[in-house]
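Just below is one structure, and these are the notes that go with it.
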Amino acid sequence: MSYKHLFQLSPSVCECNATQARAAMVNNSGELGAKQIYLGQIKAAKQKNFPQQTINELIEMLESELEHLQYFQAQIRQNKNFKPSSFDLLWKPFSFYLGYVSTIFDIQIAMLLTKQVETVIEQHYKEQIGELQNAEANEQFIAKIAKFLADEIHHKHTGEQQSQNLSPMLKMVLEPFFAKIVKIAIFISSRV
């Protein structure tokens, strides 16, 4: 799926910053969702008494997502033409329960969710970097997204390793379902 539609100019944002403003808005939503997914996973993992190593891995991924979220929130606060997505009001509780429920069922399902979320985000960030470079956006902003991309790839590999023993039939059903949820969230958060 191409994400080029996410970078159309908005009349409320000056032309020079439109691509960067859209990127900050959609990335803020994405990182907010990731934070909530990991919070839900951690809560469920603790309730189900998963091994501390598993909980620590989830906490480590959460901390990484918090760094990303804080950066995009700061970008929105510092730039009067940047704004958070209105979709965040729905996305925040939905993503928490997505993480929570996936973990209550099975840690491998939770890790499959992580893998699929990060796979979509990896593709999104790669396309976004190209769009930002073409729009001659701030180089520091682009460098931050490239750094965050590396973090997301690491999370994807963790999810891949931890979900590799999940039944192929379950993977076949859940992988496209989880990916579709993230793609829909990106689409909506880039527009409202």
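The values are calculated or read from the model by the stated rules, or taken from the named source; none is laboratory data. Note that this is a predicted model, so its numbers are computed, not measured. Cβ placement follows ideal geometry from the backbone for every residue including glycine, while neighbour counts extend to all protein chains displayed.
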Among the numbered criteria (1) closer than 25 Å to Q123 by Cα; (2) without any contact (Cβ under 8 Å) to a residue 12 or more places away in the chain, which single criterion is violated by M25?
(2)
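Applying the selection to segment 129-140, what residues are surrounded by 12 or more Cβ atoms within 10 Å (Cβ to Cβ) and either over 18 Å from Q73 (Cα atoms) or in contact with a Leu (Cβ under 7 Å, 6 or more places away or on another chain) (or both)? Walk me through it before giving the result.
First pass over segment 129-140, keeping only residues surrounded by 12 or more Cβ atoms within 10 Å (Cβ to Cβ): 129-133, 135, 137-138.
Correct list: I129, G130, E131, L132, Q133, A135.
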Out of curiosity, is K183 modelled with pLDDT of 90 or more, among the basic types (K, R) and part of a helix (DSSP H, G or I)?
no
If we scan segment 90-104, do we find a residue that is touching an Asp or Glu at 6+ places or on another chain (Cβ under 6 Å), touching a residue at least 24 places away in the same chain (Cβ under 8 Å) and within 19 Å of A185 (Cβ to Cβ)?
no
Could you tell me which numbered condition I186 fails, if it satisfies all but one of (1) buried (at least 18 other Cβ atoms within 10 Å of the Cβ); (2) more than 25 Å from A44 (Cα to Cα); (3) hydrophobic (A, V, I, L, M, F, W, C); (4) more than 12 Å from the chain's Cα centre (by Cα)?
(4)
Among the residues of segment 140-174, how many are of a type outside the set (V, I, T), out of contact with any Ser or Thr (no Cβ under 9 Å at 6 or more places or on another chain) and part of a helix (DSSP H, G or I)?
14
